[in-house]
1. Read through the list (1) within 30 Å of Thr344 (Cβ to Cβ); (2) in a strand (DSSP E or B); (3) of a type in the set (Ser, Thr, Tyr), then give the number of the only condition that Tyr27 fails.
2. Where in segment 139-215 are the strands (runs of 3 or more DSSP E), entirely inside, with at least 1 residues that are in contact (Cβ under 8 Å) with a residue 12 or more places away in the chain and within 58 Å of the chain's Cα centre (by Cα)?
3. Among the listed residues Leu42, Leu64, Leu114, Leu73, identify the single one that is out of contact with any helix residue (DSSP H, G or I) (no Cβ under 8 Å at 6 or more places or on another chain) and modelled with pLDDT under 80.
4. Give segment 39-57 a look and list any residue that's polar (S, T, N, Q) and either touching a residue at least 60 places away in the same chain (Cβ under 8 Å) or out of contact with any strand residue (DSSP E or B) (no Cβ under 9 Å at 6 or more places or on another chain) (or both), or say none.
5. Mind checking which strands (runs of 3 or more DSSP E) fall wholly inside segment 223-285 and carry at least 1 residues that are without any contact (Cβ under 8 Å) to a residue 40 or more places away in the chain?
6. Look at Ala79 and say whether it is loosely packed, with under 10 Cβ neighbours inside 10 Å and within 44 Å of the chain's Cα centre (by Cα).
Amino acid sequence: MHFIGVEESLPATGENGDVVVVGTKEYVYSGGQWKEIGDEGLWVPNTRTIAGIDLQNNVTKSELQTALELAALAYKSSASVTVNDYATGITGASYTPAGSVTATVGEADASATLTRDNYTPTGDVTITAGTAAAASYDKTTGVTVASAAVAEGQTANYTPAGSVNITNITVTPSTGTASHVTNSGTAYTLTGGNAVKGSDIISDFATEGVVAAIDENDNEMLVFSAAGTAPAVTAAGDVTYSAPVLSGALPTFENVSVATGIQSASGTASFSGTGTIISATPVNTSTAAVVTQPTFTAAFEGNEETGLKVTGVGYKKTTVSDFDFEGTAATITPTLNKGDKTITVS
């Protein structure tokens, strides 16, 4: 690695091992591209402070509490205080001033107006019958029901038949991936092998070199005799081996997209029918009605009244003047209602 300088931006190319600084980041050129290997801007200098506490070492909880000047209420989710003699309302006082009212009352002549009317206490009552009462009515003998095509400006009041058309059907399926067999393969078969070993070649070899023994008649004489021989394999026969043969093929698979469900479905339905107007017309027949004539009887009896003639009217009106009120001053003292009030801050 070799440092090539501080640049405003990364060079277009470089050689493997070139190191360049852009801003606070360091890059090395490798494999045809610049790779970031460090960023001095990620570090917080230890001269930085938090609430007046430098970062020369770990900031403890107590240091931070002291720096923030946290009192006990900072660690409470709520606090309350009870205020004594808290005014809860005022009870009003009724007030009736004491005193007396004096006035001068007198009488004065005044004019009066008398309205007169005619009065007929006796006479006869006469009732005269006018045109004789008569009545007729239309008797309903049937109802005619008819239908007609809807004319311009009319609105059908009955739609007897029609059809419903569903169009613009949209179905959005949910899809997933599933594997399916593209080739079922072939069944596996195993053809057995065999091993055949040829005959070995055997020759005699000494099993012992020299055999020494004490003479049977002279125990101070040592007698040596040749070692005995035994057949041994001097060359192994050839071994012929045929390995078993396994044949066959596994099935092959491929992934395909399949529907796993229906996310949504929508469609537009419309009804088409032929409207008509249904009307009902009653069939009436004019029919005479029988009316019983009422009988009227009237009578009047009056009583003669005397002394109804007015000969004079006198009237005195009352006059009130010189009102005077003399009262006594009084002081109203309302009652202030007090009680304890708990105030909660959360």
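The values are calculated or read from the model by the stated rules, or taken from the named source; none is laboratory data. All figures in this text were calculated on a predicted structure; none of them were measured in a lab. Quick reminder, even Gly has a Cβ in these numbers, built from the backbone with ideal geometry, and neighbours come from all protein chains shown.
1. Status for Tyr27: all satisfied but (1).
2. Because the criterion is at least 1 residues that are in contact (Cβ under 8 Å) with a residue 12 or more places away in the chain and within 58 Å of the chain's Cα centre (by Cα), the strands (runs of 3 or more DSSP E) in segment 139-215 that meet it are 162-183, 186-191.
3. After ruling out the rest, the residue left standing is Leu114.
4. Thr49, Gln56, Asn57 - these are the residues of segment 39-57 that are polar (S, T, N, Q) and either touching a residue at least 60 places away in the same chain (Cβ under 8 Å) or out of contact with any strand residue (DSSP E or B) (no Cβ under 9 Å at 6 or more places or on another chain) (or both).
5. 229-235
6. For Ala79, the condition - loosely packed, with under 10 Cβ neighbours inside 10 Å and within 44 Å of the chain's Cα centre (by Cα) - is not met.
Here is a yes/no grid of residues against (1) over 30 Å from Thr328 (Cβ atoms); (2) at pLDDT below 85:
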| site | (1), (2) |
| --- | --- |
| Thr49 | yes, no |
| Ser80 | yes, no |
| Tyr95 | no, yes |
| Asp109 | yes, yes |
